[in-house]
1. Neighbouring Cβ atoms within 10 Å as the yardstick, rank MET195, MET78 fewest first.
2. Report the relative contact order of region 1-126, percent, no decimals, based on alpha-carbon pairs under 8 angstrom and at least 6 residues apart.
3. Across region 367-375, in residue order, what do the Karplus-derived ³J(HN,Hα) couplings come to in whole Hz, using 6.51 cos²θ - 1.76 cosθ + 1.60 with θ = phi - 60° and x for Gly and Pro?
4. Positive end of the charge dipole of the chain (Lys, Arg +1 and Asp, Glu -1 on Cβ, about the Cα centre): tell me which of ASN79, VAL44, ASN394 has its Cα farthest that way.
5. Students often check this: by mean Cβ neighbours within 10 Å, which of 67-74, 229-236, 182-189 ranks highest, and how do the rest follow?
6. How many nm is it between the label spots at ILE397 and SER238, if each spot is 7 Å from the Cα in line with the beta carbon?
7. Using per-residue counts of other Cβ atoms within 10 Å, averaged over each peptide, order 196-203, 297-304 from highest down.
8. For HIS274, HIS36, which order do you get if you count the other beta carbons within 10 Å of each Cβ and list the fewest first?
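A short reminder: the numbers here are calculations on the coordinates, not readings from a lab. Predicted, not measured: the structure shown is a model, and the values here were computed from it. All Cβ positions, glycine included, derive from the backbone under ideal geometry; neighbour counts span all protein chains shown.
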Amino acid sequence: MIEAEQSLIASMVMNPDCIADVLDMAGPQDFRTKQHKDIVNAIVQLSNDGQTVDIFSVADITDQLGYLTDLASNCHRMNEKAASIIVQRDSIRRTALKNLECAMQAVLAAETVDDQLSALAGVSDGIEVRGVEYETYTELYRDAIFRLNARMLGEVAEGLKTGFGAIDDRLSGLSNSDLMIVAARPSMGKTTYAMNIAENVAEAGGNVLVFSLEMSKAQLIDRSMSSRTMVPFREIKSGKFLDGSNAKLELGSSKVINKYNLTIIDKASINVDHAFNIAKKFNRTRKVDLIIIDYLQLMTAKSSNRFEEISTISRTLKAMAKTLDVPVIALSQLSREVEKRPNKRPVNSDLRESGQIEQDADIIQFLYRDEIYNSEDNNPNKGFCEVITSKFRNGEIGTDYLETRLDCCRMLSTSNFPQAQTQENSGGYIPYKR
């Protein structure tokens, strides 16, 4: 509405004290005409430079003295907040309609469902809702004291429990809106670790959504049977059970079927926007407690190159965690550079294809099994997996240990930590520290 824009411009040049309040709601890009955008940009420039904002200083930049004088003399002045809301509303409407038109053309031209959904996901691109609610440090501190007292009284639950004691102690459980990256070289147990967490959360009554881009539903269910019953996976896969295994399998499987809320979506490749839409729909119908992506590099996104694609995927997964207010665990590959070092324990720079992953993640964990590189029977690390938390935005980094029973697709909490040194080419054993 042009009248609202004119009113705001007149207010800012006649009463510079209102500039900050106006710009908090409506920026230069929100004004409809180029003439108004240029004037508001000039006001912003003068204000930021600490110079006087009036009709003459703005006209000196824009050459709009006649127009500004006319606004100051004849424009019907509206309340600044009301006018700002009108300008912001109309700006959002224009942007949304333009995006809808582009999306319609893209949907008509799309050859796949994922491309269609990706086009629709861009409808809100470029829309920024301005206006910030402010809280003082004293107010924030008071709220923090209330939360602390509630935690001390047990009235506020800690984060979602992974089911692994040492991991939960370090992280205080998985927090809503956190993106956790779990990365490792092949055969370290990434999928086993993630699915064990999924099963543990589901067993505790949580609702888990898993996007499996590498393994099929059938493969994951077979592995879950092995994990929950501790019947070796090879027996389940072959159908040749040893004594007692069959009865144990039937008992454990019935418990899984009756109790777990765990949904698996298996696609060899899925657009990250499509996955986000699925998660939103799932969360509306059945409140989700945990989302797992296996694995990040198999997702797709519209981009001009692979680096940009991975960066877009990473940012979208973080947005998924924040928007749905749920922890998201994304598995990730590591580069082969790990294999070239004497100490093959991963570091953050080993994350494959994009530094954006490291930036977006709230938590980064690496899995390392020393026996992969040092297979001797006397290796004191044999049968253990090191869970190396190398980034934790809200806590301490460090290494924890799980016992591995990968023949049963399972990792277990343990208090028996290896104490001896590994072979020299592993870089030396890192002792357990809390």
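1. MET78, MET195
2. 32 percent
3. Karplus-based 3J(HN,Hα) across region 367-375 equals 9, 9, 10, 4, 5, 5, 9, 10, 8 Hz.
4. ASN394
5. Put in order of decreasing packing, that is 182-189, 229-236, 67-74.
6. 4.4 nm
7. Ranking the peptides 196-203, 297-304 by packing returns 196-203, 297-304.
8. HIS36, HIS274
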